[in-house]
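Here's the structure, in structure tokens; my notes come after.
The values are calculated or read from the model by the stated rules, or taken from the named source; none is laboratory data. Remember, predicted model here, so these are calculated numbers, not experimental data. A quick note on method: Cβ atoms are made from the backbone with ideal geometry, for glycine too, and the neighbour counts reach across all protein chains shown. Ligands, DNA and RNA are stripped out before the accessible areas are found, and what is left, the full protein with its side chains, is counted by its heavy atoms. Shrake-Rupley method; radii C 1.70, N 1.55, O 1.52, S 1.80 Å.
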Amino acid sequence: MYPRLQTITDGQVIAQCEHFTVRSAFQPIVSVAHQRIVGYEGLARVFDADGSPRSPADLFQSITDLEFLVRADRACREVHLKNFMHANLESRWLFLNVHPLVAMHGLQFGSFFAQLLQTLNVEGWRIVIEVVESELPDETQLMDSIEFYRSLGCLIALDDFGIGGSQFTRLWRINADIVKLDRSLIVESEHSYRAQRTLPSLVAMIHEAGSMVLQEGIETPKQLAIALNSGADLLQGFGLAKPALLDQKEAFDRDFLDQGLKDSSLEMDRADYNLHQQIVSVTERFEDMLVALERGESLQNASRALLSMAIVARVFVLDARGYQVEETIHGAFAPASIKNRFRPLAQAEGACWAKRPYFRRAMIEPSMVQISRPYLSVAGGNLCRTLSYCRGHAPDNGIKVVCCDINWLDD
């Protein structure tokens, strides 16, 4: 028997799918900039015949017939949409999940969603269709489905990005309006400084691809601070609000968000201060080295005091085209990576670093010391930041850019 919808005494719409009952719950989605709820994700709450809660997976895994699967998935979306509209919340998004198989094959079972929107008088922009970010056997059908939803004016969200078969090529092809970062990323970032440090870069890459970023699974203050510092646009998780029925109060834990905004700002201020103190001490000796070079001293002699610092890994010099003009001089505290696993890269004289940001920034702003973001040094096999300085008056065929790599640890 195909799913049946009915309205119960509290005005809520539910669906009966064989011996399962499906009800709606809605989890708020909060905008960081606006500091308010801007949308809700419709989530299926499934119960068996005796009223015991079951997972949505239990419902869909019990279905072996494709047409019944399509009808069950459509019933869930119809229940969510009718309950959402019943709450009469204006200017809010409704995020709706579409089963991967339904996203690919649903259209062959006739029109449904366009008629539903028309019947309920819902404008397409209010609906965000979530496409699961996983390995799919046929992306052509998926893309047809996405274009169908776009033709209705709906937004597209790429769900669970960061696990399984996540691919940037799919992100570029789908051109999602919103990318939802899987909860596993924020959990890993809570325990790994390396993951925490690189999360802002992932967010920045998604932004550059033309999508907003929604971080899922925010539960703890630390996770919230990490998400805020990563640059995520939208937040979702139990720490902000648990899934519930909709009402006009639109409640979420504002104190949790306010404290997170405060803590993340203090954390960034402390990080900036620590970085400043660390860089200042190195920069002073780096500038002393530059003065010595101007006096005509060799790089070996001019860099002695600088290379005696525990934070300093190496120094090297480039010509005006970005080519290294002599061998790298390693300090006593240079990591051992270059001596073993990165040994094929050890000899750097003649290497071209013209595409490196530290070279390009130095050339754009001569006579000013530059500092790069952390990156893995090909020259040394360690995580580092690079101080660079362009000698504006040096001859084109001489030493043009002087560089110093600073050890950058994962703690």
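Quick notes
- Expected 222 nm ellipticity per residue - DSSP helices of 4 or more, -39500 (n - 2.57), all of the chain, to 500: -11500 deg cm²/dmol
- Counting protein heavy atoms only, the range 92-210 has 52 percent of its accessible area on carbon and sulfur, 1.4 angstrom probe.
- Listed candidates (1) 132; (2) 174; (3) 147 - label of the one calculated as volume of the Cα convex hull per residue in Å³: (2)
- Rg and Dmax of the range 56-137, Cα atoms only, in Å: 13.3, 39
- Taking every C-alpha pair closer than 8 Å and separated by at least 6 residues, the mean separation divided by the residue count of the range 24-159 gives a relative contact order of 21 percent.
- Taking 7 Å steps out from each Cα toward its Cβ at Ala346 and Arg45 produces label points 6.5 nm apart.
- Sorting Phe342, Phe316 by solvent-accessible area of protein heavy atoms yields Phe342, Phe316, largest first, with a 1.4 Å probe.
- Longest site-free stretch - the chain; sites: trypsin sites (Lys or Arg not before Pro), DSSP loop, at most 16 other Cβ within 10 Å: 1-248
- The mean sequence distance of close C-alpha pairs (under 8 Å, at least 6 residues apart), as a share of the length of the chain, puts its relative contact order at 10 percent.
- Rh by Kirkwood over Cα pairs, then Stokes-Einstein D for the range 118-227 at 0.890 mPa s and 25 °C, µm²/s: 164 µm²/s
- In the context of the full set of protein chains, the range 1-44 has a per residue accessible area of 43 Å² (1.4 Å probe).
- Proportion of all alpha-carbon pairs of the range 1-159 beyond 28 Å (%): 19 percent
- Accessible surface, per residue, of the range 54-147 when the full set of protein chains is kept, probe 1.4 Å, Å²: 45 Å²
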